[in-house]
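> A single structure is presented below for examination.
The values are calculated or read from the model by the stated rules, or taken from the named source; none is laboratory data. These numbers were taken from a predicted model, which means no experiment stands behind them. We place every Cβ from the backbone using ideal geometry, glycine too, and count neighbours over all the protein chains shown. The protein model used for the area step is the full one, side chains on, heavy atoms only, and it has no ligands, DNA or RNA in it. Shrake-Rupley method; radii C 1.70, N 1.55, O 1.52, S 1.80 Å.
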Amino acid sequence: MQSFDTIVLGLGAMGSAALYHLTMTGGRVLGLDRYSPPHAFGSTHGDTRITRLAIGEGAQCTPLALRSHELWRELEEETGKTLLTTNGGLIISSPARTSRTHVENFFDNTLAAARKFGIAHEVLNADEIRRRFPLFKVADDEQGYLERDAGFVRPEACVGAHLTQAERRGAEIHRHENVLAFRGSATGVRVTTDRDTYTADTLIIAAGPWLPGLIGPELAGIFTVYRQTLFWFAIDGPLTPFLAEHCPVFIWEVQRGRQAIYGFPAVDGADGGIKIATEQYDGATSADAVGRDVTATEMRAMYAEYVAPYISGVAERCVRAVTCLYTVTPDFGFVIDRHPQCERIILVSPCSGHGFKHSPAIGEALAALSTGGAARFDLEPFALGRFGRNS
Ligand SMILES: Cc1cc2nc3c(=O)[nH]c(=O)nc-3n(C[C@H](O)[C@H](O)[C@H](O)COP(=O)(O)OP(=O)(O)OC[C@H]3O[C@@H](n4cnc5c(N)ncnc54)[C@H](O)[C@@H]3O)c2cc1C
């Protein structure tokens, strides 16, 4: 039976980052994934993810975002790949909003976090938004928070870069190997897959939307998986206003729809369209049962309710649409903690729709945790204890 210092179960955003940082600790590490990441079955696909530094979901995440920007730049230098583009981020909200972004008072929390951590930003009124970003059809009572160093990261390229570098540094990676069971004891962990059985000192479980199915009903109850849809609509008119130099990433707590919308500049030229999405929390699903196709009805509804009323210069023609999965906790926060029954097993679920931007800093923290070191950040806000599941 092969033995390792650490096994990482799941090599998506979090697992690939953890594996990469573990290779710097000098131990023997194994990464296992049921597919070949990056892939389009979990939570880490669709070309782009927003990154921002002042985190409205909880100021405890801002140090993670700041550290992640440093780590993305280091990884870019190491690999020669472009991973992070800081074209600015605009958050639009108003007292008349009918939607929220993950938590109450997202806009005010963002502003407070920016002030607390000294993050460069401007507050814009509706006229200033219209003048600087004429694409956005804002109402007179809407205001904007514009963060200079926000932007977007490329999830597939990031996962690929972490895995390539981890493998170069000696990590063993087994793709298309499904973990069926694991067991922890005071002395180690045993992991059984559809191919083999392994032992290790520590196991990191970063299974994304498959996590609830792996950890038993009591812990699984903390997580709800929701199907989300991503749309790329054709550009109707000149491309220039949609290019990253002119178009920030945006999150908009709209005044008419049930949910906020968010979007990106045209990262693949005119043919790639502009990616715009909203969120839904109506029906829970699972990674195995979810309907993966996006219907023509969904495309039409998205355009009519969430695109045409708010963004100029976008055609109704949808050039591409995909589904993706959120794994959400009751407070929209993250879980990074040891398993209540075995401290050699670390559970990690930083999703709730906003985790990707933090993945390198979380990977670094996981590597420290699993090798007996101290994480750079206070991980207490991410403990299971807040849901009454103490170790
Ligand atoms: C539509 C959408 C939009 C988002 N937008 C943003 C955004 O703008 N900004 C942001 O910061 N975040 C965003 N997020 C959140 C972010 O993408 C997630 O936080 C992140 O991708 C979660 O990564 P993960 O590693 O937990 O899961 P995943 O990347 O899904 O990885 C889990 C891995 O585990 C593997 N696995 C599962 N079970 C097993 C098993 N039994 N055996 C072996 N392998 C297994 C899977 O194959 C998979 O590769 C968004 C998410 C979605 C879905």
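> Which whole-number percent gives the relative contact order of segment 267-391, counting Cα pairs below 8 Å spaced six or more residues apart?
19 percent
> Near Lys116, which lysines are there with a Cα under 20 Å away, not counting those fewer than 8 places off in the same chain?
Lys357
> To the nearest 20 debye, what is the magnitude of the charge dipole of segment 36-152 about its Cα centre, counting +1 on the Cβ of each Lys and Arg and -1 on the Cβ of each Asp and Glu?
Dipole about the Cα centre, nearest 20: 120 debye.
> For segment 249-314, which trypsin sites (Lys or Arg not before Pro) are in a loop by DSSP, counting at most 11 other Cβ atoms within 10 Å?
Passing both the DSSP loop test and the Cβ count: Arg292.
> Considering only C-alpha atoms, what is the centroid distance from segment 229-286 to segment 163-227, in Å?
33 Å
> Using the Cα centre as the reference, give the magnitude of the dipole from point charges on the C-beta atoms of the chain (Lys, Arg: +1; Asp, Glu: -1; all else neutral), rounded to the nearest 20 debye.
Roughly 260 debye for the chain.
> For the chain, what does the accessible surface come to per residue with a 1.4 Å probe? Please give it in Å².
39 Å²
> Can you give the Kirkwood hydrodynamic radius for the chain, in Å, rounded to one decimal and based on Cα pairs?
Hydrodynamic radius (Kirkwood, Cα only) of the chain equals 21.4 Å.
> If you project the alpha carbons of segment 190-346 onto their three principal axes, what span does each projection cover, largest first, in Å?
Cα extents, longest axis first: 58, 29, 26 Å.
> Segment 116-132 to segment 1-59: how many Å between their Cα centroids?
The distance from the Cα centre of segment 116-132 to that of segment 1-59 comes to 34 Å.
> Please compute the modelled spin-label separation between Glu298 and Ala315, points set 7 Å along Cα→Cβ, answer in nm with one decimal.
2.3 nm
> So what does the Cα-only Debye profile of segment 117-169 read at q = 0.17 Å⁻¹, as log10 I(q)/I(0), no solvent term?
-0.67
> Can you check what the net charge comes to around Thr48, using other residues whose Cβ is under 9 Å from the Cβ of Thr48 (Lys, Arg +1; Asp, Glu -1)?
Every neighbour counted, the sum reads +2.
> Among residues other than Glu70 whose Cβ falls under 14 Å from its Cβ, what is the net charge (Lys/Arg +1, Asp/Glu -1)?
Taking every Cβ under 14 Å from that of Glu70, the sum is -2.
> For Ala270, project a label point 7 Å along Cα to C-beta. Then give me every residue of segment 221-238 with its amide nitrogen under 18 Å of that point.
What the label zone holds, given the 18 Å backbone N cut-off, is 233-238.
> With the full set of protein chains in place, find how many percent of the accessible area of the chain is carbon and sulfur; take the probe as 1.4 Å.
48 percent
> Apply the Karplus parameterisation 6.51 cos²θ - 1.76 cosθ + 1.60, with θ equal to phi minus 60°, to every residue of segment 223-229 and state each ³J(HN,Hα) to the nearest whole Hz, in sequence, with x for glycine and proline.
With coefficients 6.51, -1.76 and 1.60, one gets 10, 10, 9, 10, 6, 10, 10 Hz.
> Roughly how many Å² of Glu128 are accessible to a 1.4 Å probe, to the nearest 10?
It works out to around 70 Å².
> If you don't mind, there's one more thing I want to ask. Percent antiparallel among DSSP beta bridges with both residues in the chain, to the nearest 5?
70 percent
> Along the charge dipole of the chain, Cβ charges K/R +1 and D/E -1, which of Pro209, Gly46, Ala186 sits furthest on the positive end?
After comparing all options, I get Ala186.
> Right, next: Starting from the Cα-Cα distance between Ala374 and Ala139, subtract it from 0.36 nm times their residue separation and give me the gain in nm to one decimal.
79.8 nm
> How long is the gain from Ser36 to Glu70 if the chain were fully straight, where each residue apart is worth 0.36 nm and the alpha carbon distance is subtracted?
That works out to 9.5 nm of additional length.
> Next up: With an 8 Å cut-off on Cα pairs and a minimum separation of 6 or more residues, tell me the relative contact order of segment 1-101 in percent.
17 percent
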